[in-house]
Structure formats: C-alpha cells, structure tokens
1. Kindly indicate whether any position in the stretch 526-546 is open to solvent by 20 Å² or more (accessible area, probe 1.4 Å), closer than 22 Å to Ala399 by Cα, of a type in the set (Lys, Arg) and in contact (Cβ under 8 Å) with a residue 12 or more places away in the chain.
2. Could you tell me which of the residues Ala782, Ala746 is hydrophobic (A, V, I, L, M, F, W, C), open to solvent by 10 Å² or more (accessible area, probe 1.4 Å) and at pLDDT 95 or above?
3. Give just the number: which of (1) touching a Lys or Arg at 6+ places or on another chain (Cβ under 6 Å); (2) on the phi < 0 side of the Ramachandran plot does Lys236 not satisfy?
4. Spot the failing condition for Thr505; the list is (1) over 30 Å from Gly721 (Cα atoms); (2) more than 36 Å from the chain's Cα centre (by Cα), and only one is missed.
5. State which residue is farthest from Asn861 (Cα to Cα) when the search covers only the stretch 565-588 and only residues that are out of contact with any Pro (no Cβ under 8 Å at 6 or more places or on another chain) and in a strand (DSSP E or B).
6. Scan the stretch 500-524 for residues that are within 20 Å of Trp568 (Cβ to Cβ), in contact with a Ser or Thr (Cβ under 8 Å, 6 or more places away or on another chain) and open to solvent by 40 Å² or more (accessible area, probe 1.4 Å) and jot them down.
7. Of the conditions (1) buried (at least 17 other Cβ atoms within 10 Å of the Cβ); (2) on the phi > 0 side of the Ramachandran plot, Ser589 satisfies every one except a single condition; which number is it?
8. Out of (1) within 26 Å of Val593 (Cβ to Cβ); (2) open to solvent by less than 20 Å² (accessible area, probe 1.4 Å); (3) in contact with a helix residue (DSSP H, G or I) (Cβ under 9 Å, 6 or more places away or on another chain), the odd one out for Leu649 is which?
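The values are calculated or read from the model by the stated rules, or taken from the named source; none is laboratory data. No experiment lies behind these values; they were computed from the predicted model shown. We place every Cβ from the backbone using ideal geometry, glycine too, and count neighbours over all the protein chains shown. Accessible surface areas use protein heavy atoms only, side chains included; no ligands, DNA or RNA. Shrake-Rupley method; radii C 1.70, N 1.55, O 1.52, S 1.80 Å.
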Amino acid sequence: MRRAPSAVLLSVLVPLGVVVPVVSAPHASAHPVAPQIRSQALHGVDGSALGSAAGRASFLAAGSSRTPAVLVARTQVARFDLLGVTWSRHVAAADLAVTARAHGKHGWSAWTALDTQDSPPAGEGSTARPGTEPLWVGDSDGYQVRVDVRRGALPAGLRVDLVNPGSSAADATPGPAHALWSAAAATAQPTIFTRAQWGADEKLRGTGPKYTGRIQAGFVHHTAGTNGYSEADVPKIIRGIYAYHVKGNGWSDIGYNFLVDRFGRLWEGRYGGMTKNVLGAHTGGFNVNTFAVSAIGDYDKVQPPAVMVDAIARLMAWKFSLNFDDPNGTTVLTSQGGGTSKYRAGTKVTFNVISGHRDAGNTECPGRYLYAQLPTIRQLVTTYLGTALLDPAPTPPTATYGAGKPIVIGARVTGDQTWSLQIRDVCHDTVVRTLSGTASPTVPVAAAWDLVDDAGVPVRPGSYQVLLASAGASAAARTWTGTVTVQAARTAPVAPAPVGLPGRTGFVPVDPVPLYDTHDTGLLPLGPGGRVDLTVPGVGNVPATGVAAVALSIAATCTTADTTITTWAAGSRKPASAALDVTSGTPTSGLAVVPLGGGGAVSLANAVGTTELAVHVVGYYPAAGGDVFRPALRTVRLYDSRKDPAGMLAPGDRRTITVPALSGIPATAMTGALLNVTALSPAGTGHLTVSSGSSDRDAATVAFTHGLLVKTRAVARLAAGSFTVTDQGAASHVVVDLVGWWAPRAVVSGRLFQSRAATRVLDTRTGVGARTGRVGPGGVLAVKVAGKGKPAPAGVRAVVLTLTARDATRATFVTAWPYGGRRPVFADVSAPAFKPTSNLVVVRVGSRGRIKVTNGSGSANVVADVVGYYP
C-alpha cells in the first residue's frame, strides 16, 4: 500500500522436512482487551508547521508543491500506537493524498503516505466512514497529518482516529510458529492463533458474522506501517487494526479473515469460524466468495520473510482444499463496486485464484515485493495441496425425471487417482448408487449418473447427495460433497368448471382422512408449478353430496427448494396468497380452509422445486347443517408436556387431553376444538397427529425437525370431551392451546362460517394495509380487515386469515388480536430467523373493522390473507 524505492526481489527457498502440529498453538492465558480510541477533528493549515523544515518535507511526501488543504501538527496527546484518517460518507467521492507521521520518545518519524481503505460489503456499511488504512506507529504522543485534494472537494467530517490497543497477557508470550512446515502436513489446518489469543474484545464488534458462498479466490494484502515490530507487538497491532476498523471506520469487525506476521505466525481475523466462509471487508467490490490474508508490515519497502510467504501458502492451501480450488486457475467474480475497486458494480472480472489486492483495487497493496511473490505462493500451495480434487461440480445440477439426460459429476485431479462416487437419497437417507473409475491430470473425473439405482430402477424425484472420494498411490484426497436434484415434471391437469362460493355454513370435525399422499401410493412428488385437483366428497367420512368447503391438514416434506403450497377451489382463479410456506429440506405442515370447486374438488400447487405432499381432511363445511363455532374469550392452555411427570413424548407415545367446560358448556357437548399445537425441542425429524382416537397416525398435523419450535393450527374431533396427540419419528415436547370450539346449535349459540377467496389485507413488503418496512421488536400494526373495500363486511365478529412472518432477522413470535382488546398471552405464529412461517388464525374483529398485529423480536415482514369470516 506504500510507495518506496526499488529493491531487488529476494527469492524464497522453503526447506522441507520439519513437521509441527496443525492445531491451534498453546498460548499464554489471554484476556479480552478493550482498546481506547480517540478522535480529533482535522481542519485548517498550521502556518508554523507549513513553514518548518518538516512542513517543506511534507510537500515532497505528498508529491505536490501546492499548499495543502489540511496540515495539522499536535503533540502531547494521550498515548497511542496506531492512527488513521476518516471522513463523512455523505459526500461526493474525493481523491485525497493523505500523509502522516508520529512523535515518540525518539522524536518525529518519517512521513508515510496512507492509501484509501476499501469499503465493507453491502449491509455492513450503513454507518461506515471512508478513510485511510491504519498506520502502526508504536508508542507515540503526537501526530502530524497532511491532506491534499487531488480531485473533487475536501470531504466534511475529516478526523484522525488514535488507537491505544492496551495490554494483554498474550502479548509477552508469542508462542512458537517460526518453523517451516513439511508437506507431510498436506492440507491440514496450519497453526493459527485465535482471536482470544490476541486479546479480542468481542463486545467491541457488531452483530453476528455473515457468510458467503464457496470460496473462489484468495486475496493477499499487507497492513503497511512498521516492519520492525517485535513478536510481542503483534497482538497489539491486530487489536489496533480491529479497533480502528470498528470504531474509526464503523465496520462490524476487523476486515481481514486472517493475518500473518513477519515471524511466520498466522492469526485469526474476522469472527465467525476459521473453517467457515466468513464474509470479510478486505477487497472493495470483491468480498463475496473470497477471503483475504493480510501480511503485517509494509512490503512496498522490504522483502517479505520466507517464513511469512510460506505461512501464507500453508493457509491458502488449507482454505483452498476446503473449497476444492485450483491455486493455478482463474475465476470470474462479479464486482459489487465501492471502495477502491477498479470495477463498477455488476462488472464480471477474471482473477487468478490467488491474487493481490492491487488486482482488484486502485492501491499498491500488498506492496511490490510481496506482490512479486504471488507466483512462488501459487507454486507452494500446489505442493502443499498434494493429492486433491479440483473444481468438482455436477453438470447439470438438476435433471428432470424421465427426460433421459444424465447428471455428470466432473473434477480435475492433481495426479493419477482412483475415484468412487456415492449417491444418497437425502429424504430417505439411503445409498441408491455407487460408481467408480480412474482419473489423471489429462483425463479428469467424469462420473455419469443415469438417474437409476444400483438395480436399474429410476429413482424418485428429490434431492440427492453426491460424495466423490479419490485417492492416489500414497494419499487420499479430501472428499467432496455436493447436491443434485432430480426434478419432477410439471403437472397441470385440466381444470374442472368452477362453481360459486358457498354461503354461510356450519362445520363437522372429523379424524384425519387421507386424501392425497405421494409417499406411499405410487404417486410422484409435485414438481415446479405442479398442480393436483383432489375430489373431496365421498372420501372417508365425508358425505358424497352437500359439502361446500373443507378443512385440510397439509404436510410438505423432502422439498428441494424454498417453496409455497397454494390451495383454492378447483376451476377458479389461483390466488396470489399461499396456504403454506416451506423452507427447503424442512418438514412443514399447516391447516387450510378451502371452498370446493368444480366437481367437488380443491386444487393444490407447488411453486418451485420438488415436494412430497400429504393432504388429510380434518373437517368439512356442509351446505346445510353442521356445528357452530365459538372463539375462546382467551386462549386456554390445555397441556404442556414440560409440566407433565411423563415428560416429552417419545416416538409412538400418545397423550389424551380433556377439554374443560367453557362458557358453561361441558366438553362432552362439544364436537371439536380449534387448537394451536406446538412442538418444542424435537430430538429429530417427526410429526404429531391430533385425533379423537384410532385414525391415520401418518397424518402430520404438526411436522417438526431437530431443534426447531413449530406452532401449527389444528382441528381435533372430540370424543367424550377428549382427544389424543400421538408422536411419530422423534421425541418432542408438546404444548396444546385451545383457541375455539364447535358444538351443535341446539347446545349453544354460535357463528356460521363464510368462505372467501384468499384476499391480502396486510403485506409490509409492499405497503398493503401498513407502511412498507419490517415490523421492529414490539411494533404493533392496526390492520383494517372488514368494511368497505375489505374481504369481510362491516360488523363481522371474527375473520379467518393466514398470518405469515417473513424475513425475520431473529427467531420471533407474531400475534393478532381485536383492536381495542387485550393482547393475548400466547402467540399465533412462531418463526425461526429468515424462515417464512405461516399459521391459520381466527381473530375477533375490533372497533372500525380492525385487528392488531405485533412482532415479538428482531424485525420481520408480516403478511395476512383473509380466507373467510364469521358474521
């Protein structure tokens, strides 16, 4: 990053044969250190400094004979070791020449030119300040800064940030890492000192890390500053850079993923896990799908030591082995723009897999001497990779069932190797096919899978894990794991003629009746855009005639992509609103109320990917008769296994739950209950079934997976005032809340149901029903659901709607209640972070046809679609 006189390039000769451990090194007990950072405004030109010999020397350092825009000299300031210059981001871009020097016990240092530093990735830089790179000056009590404007205007908010990194027990005990490692260590993790070992104060950084996709390139940087630092100085230098990046630049963390010192020691940089692909802030425009290691020192002035070059190569060999990159190859990256990037946003740029910062940005980084070592680093990385697979990938990654086109897994190899490919059905966790062969640098791996199993039978559509293992004569390569998809073909049966929406109807709850199941009936899963039309009358206990609408329990499993399941009356227009939001690979279930269309059928469609689908009828709305509905005045908790001496439900366990008398009506007089059923702390993947007794236990009323809290609306048919919950697949805690109930009209006065085509009344993503923008923690929205222009007429008692939480920044709860009423204790939707989650909700309507909706924590978009109402 600095400009310095030319010097002869020193070749790096790395001796082999010394082996050291490849785990994090033992180290003195360290403690977090809270650095001190002070900021002082920079403005004006100090006349005495301008007329001094040092001032005249600064002209030469700045490469200009003009009067500077800013020239400031201050001494007797509080002790600091690192400085940098930053300015306001809300100004037009300016081209600045910034030079600085520091005053210490030996007087003034030489002037150093400071390059402009890169900007962080999008999303991290909302409060970031542009600025220079940090300059390590050691123990200092004064500074002098000169700023020249080469182009544009002097930005506002110019300041110098002074950092005192403090002291840590780790500083005095640097630990061993000088020795050069042997190729016997191959691509194992080299010794890397952790953030704790350099005394990182984790309270200083921002929120949790972000991750990028597969690493495609590694960038080499240098930090610049002094080259004469001691081993004990290194943790302080890293803490100083960390503090400057966070407090000076306003970033969330230190920008670099790793750092390396002149003694050949590697250090963990940005928080998030060394084995993971953490999104850094190091190479403007190209932080995505890359990582960076920064050499501590100024390698525009001196040669990088051999141990440093070797350590960089060891680190890159290890990171590239995790991502199967070819160190001698090239890759195409798309610029995000900003910072010092040479390329506008959207520009596709070809880089060497191992590149220097200057390849991407307008900078001298990593210094001419270290940049000249990149060919040596590539050569060393190639040696340290040893037996390896390079750039493995499926072509194509997705094939259509029955189309006759295979998926070919290809990879290049570093030497003669024997390979084996295992193909595993992700949904059923079974190996379906094994292929093998040989490869060489001139004949790459080309494993063609024809979408059949070892017996020659076509496999089902779905996701398949592919594991490519390979070995040479003396060593095995790292096994590559990928995923391919066998896509179901699109299905679109001829739609029956539509019928009008039914009028107000009662309800008849039934035990789950199988209507459609792709798992065990020989049916194929639904593909992208796939649709099925299902005839309801005459199925199980559902009458063959006189049925107006139906309540369905829908379960989607083995999904290959994030998708939605939409339901509607067959023959009518497909609504934009979905009944079920499904996250790829996560079993999901939900309750939907759907009018019957032409031929007494309902339509269900899958949006994208391939989905196994199971549909059960849990109740129907007869054209005449049926039971009336009474929403509970408040949610009633019926059962909580966490308070039951029997504990959580094991697979096959059944718990019988009795409903208490409500509004003076005994449970024995009720026919059904509307419930919220929650699975908590599941030990694995499974489901809960709600019924009155013996019925289809495969009905996934609540589908769950390991560790996730899942809340789903359910209908229970009551027998003598009771119902059962059965667990299948994995143990789980269960909580059951009652939100309403049905009883004959002769027993209690109640409400009949009026179906509506799904109509959106709230969408914070687009501004429907509320302002555009996520709802923050505790934020409350007033939503009009009834009255003129709304799907329910004025004066209705309650609405039935699908309530959905989307884009939640953390696990949250969404609750709805009548406007003017008291907020319920129990929530309606439980949503994990960034997983769209929906639930069917019955909400009393408050004053002026409104309800209230709130988000529990973090921020989330909220969507609500009315599917019916109770007059």
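1. Yes: one or more hits.
2. Criteria check complete, one pass: Ala782.
3. In the conditions (1) touching a Lys or Arg at 6+ places or on another chain (Cβ under 6 Å); (2) on the phi < 0 side of the Ramachandran plot, Lys236 misses (1) alone.
4. That leaves (1) as the condition not met.
5. Thr567
6. Leu501
7. (2)
8. Condition (1) is where Leu649 drops out.
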